[in-house]
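What follows is a short report on a single structure.
The values are calculated or read from the model by the stated rules, or taken from the named source; none is laboratory data. Values in this document were obtained by computation on a predicted structure and should not be read as measured data. Accessible surface areas use protein heavy atoms only, side chains included; no ligands, DNA or RNA. Shrake-Rupley method; radii C 1.70, N 1.55, O 1.52, S 1.80 Å.
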Amino acid sequence: MVTSVVEKRLGAPPVAAEFLRRLDVAGTVDRLCPGRDIAHATQGQFIEVVVATRLTAPAPLWRVDRWAREWAVDQVSRIEPELLTTTVRAGPALDAIAAHIRELADSVGARTIGEFGIDVSTFHWAMTTRPWRV
């Protein structure tokens, strides 16, 4: 006998989660930008959910918790949507990675090349005189 049914959209979050795990995005963020020990979700876990949000619903970064309730985020990431309130998590997480954005991009980029066997022998890195803005 079925006592209740919960219906959520699946979409891109499981695919994004698998790729992000293979690239160790959360681990890399957490090594470079450790959060507080009392947090229920790490900085890296939040950033992974933000990436999934952007792939699924490319819109301004707000009400991530509302988006997570509609999609199967808690089943995929094992993070309760209530822990993803934008005002509580987004600011500190984005501030934390801003200071390490170059290291994060380099680390995840290098891991992507290795993990997926990307041939970079013909890649060209276009450098500009303008620094990155975060």
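Order the following by accessible area, largest value first: 62, 71. Probe radius 1.4 Å; ligands, DNA and RNA are ignored.
Descending accessible area places them as 62, 71.
If you average the sequence gap of Cα pairs under 8 Å that are 6 or more apart and divide by the length of the chain, what percent do you get for the contact order?
Numbers: 117 pairs, mean separation 36.3, N = 134.
It comes to 27 percent, rounded to a whole number.
How much length is gained if the chain between residue 119 and residue 101 is pulled fully straight, taking 0.36 nm per residue apart and subtracting their Cα-Cα distance, in nm to one decimal?
Gain on extension, residue 119 to residue 101, equals 4.1 nm.
Quick check: at a probe of 1.4 Å, how many percent of the accessible area of the range 2-116 sits on carbon and sulfur atoms?
57 percent
With springs connecting C-alpha atoms under 10 Å apart, model the chain as a Gaussian network and identify which of 101, 47, 113 has the largest mean-square fluctuation.
113
What figure, in Å² to the nearest 10, do you get for the accessible area of residue 115 with a 1.4 Å probe and non-protein molecules left out?
It works out to around 70 Å².
Report, in deg cm²/dmol and to the nearest 500, the calculated mean residue ellipticity at 222 nm for the chain, where each DSSP H run with n ≥ 4 adds -39500 (n - 2.57) and the sum is divided by the residue count.
-16000 deg cm²/dmol
Not counting ligands, DNA or RNA, and with a 1.4 Å probe, what is residue 82's accessible surface area in Å² rounded to the nearest 10?
Roughly 100 Å² of residue 82 is accessible to a 1.4 Å probe.
If I take every Cα pair under 8 Å that is 6 or more residues apart in the range 1-66, average their sequence separation and divide by the length, what percent do I get for the relative contact order? Working shown, then result.
Values: 38 pairs, mean separation 22.5, N = 66.
About 34 percent, as a whole number.
Could you report the range 9-62's accessible area per residue, 1.4 Å probe, as an integer in Å²?
It amounts to 57 Å² per residue over the range 9-62.
Could you list which residues have their amide H under 5 Å from that of residue 71, counting only those 5 or more apart in sequence or on another chain, with H placed in the peptide plane?
Sorted by chain and number, the residues that satisfy this are 9.
Under 1.5 on a/c is rounded, so check that first for the chain, then, if it is not, pick prolate when a/b is larger than b/c and oblate when it is not; a ≥ b ≥ c are the square roots of the alpha carbon gyration tensor eigenvalues.
prolate
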